[in-house]
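**Student:** Let me begin by handing over the structure; questions about it come next.
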């Protein structure tokens, strides 16, 4: 079987508020929410279209808390592809997702940067052709 990136850990401040954002604002599915003991949980979310899943990992300790919302040094670190940019941009804006710029139409596709509930930057992108 060829290799693929299946899951990416995303450090969050709180499991439940992160689940609510990804499920209710972005429309992701909750694939797993399994207690592991000691307050830890295995929480997987993913967009309906598939691709890599996010493991929502609640910060444990000051070093991890300091990284919540800035896992990529202020750069866009996550890229959510869509087959209908206008539809998803309008739906996200209506659900209160904070876009940091108006939509742009670049040679590679239509794109706008938004941030998650902690400030991590994402591209919503509909690639060209």
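What follows draws every value from the coordinates through simple rules; no lab data is involved. As the structure is a prediction and not an experimental result, all values here were calculated from the model.
**Student:** In µm²/s, what is D for the stretch 1-68 at 25 °C and 0.890 mPa s, where D = kT/(6 pi eta Rh) by Stokes-Einstein and Rh is the Kirkwood radius from Cα pairs?
**Tutor:** In µm²/s, the coefficient is 195.
**Student:** Hey, any idea what Rg/Rh is for the chain, computing Rh the Kirkwood way over Cα pairs?
**Tutor:** 0.97
**Student:** Out of the DSSP beta bridges found with both residues in the stretch 1-68, what percent are antiparallel (nearest 5)?
**Tutor:** Around 60 percent antiparallel, to the nearest 5.
**Student:** Pairing the Cα long axis of helix 85-94 with the longest principal axis of the chain, what angle in degrees results, from 0 to 90 and rounded to the nearest 10?
**Tutor:** Roughly 50 degrees, rounded to the nearest 10.
**Student:** If you restrict to DSSP beta bridges whose two residues both lie in the chain, what percentage is antiparallel, to the nearest 5? Show your work: numbers first, answer last.
**Tutor:** Working: 21 of 32 bridges.
Given both bridge residues lie in the chain, the antiparallel proportion sits at roughly 65 percent.
**Student:** Now a separate question. State the extension gain, in nm to one decimal, for the chain segment bounded by residue 52 and residue 17, taking 0.36 nm per residue of separation less the distance between their alpha-carbons. Please list the in-between numbers first.
**Tutor:** Details: separation 35, 0.36 × 35 = 12.60 nm, distance 2.07 nm.
The span from residue 52 to residue 17 would gain 10.5 nm if fully extended.
**Student:** Still on this structure, please answer the following. Provide the convex hull volume over Cα atoms per residue for the stretch 70-129, in Å³. Intermediate results must be reported in sequence, preceding the final value.
**Tutor:** Values: hull volume 4.5 nm³, N = 60.
Normalising the Cα hull of the stretch 70-129 by residue number yields 75 Å³.
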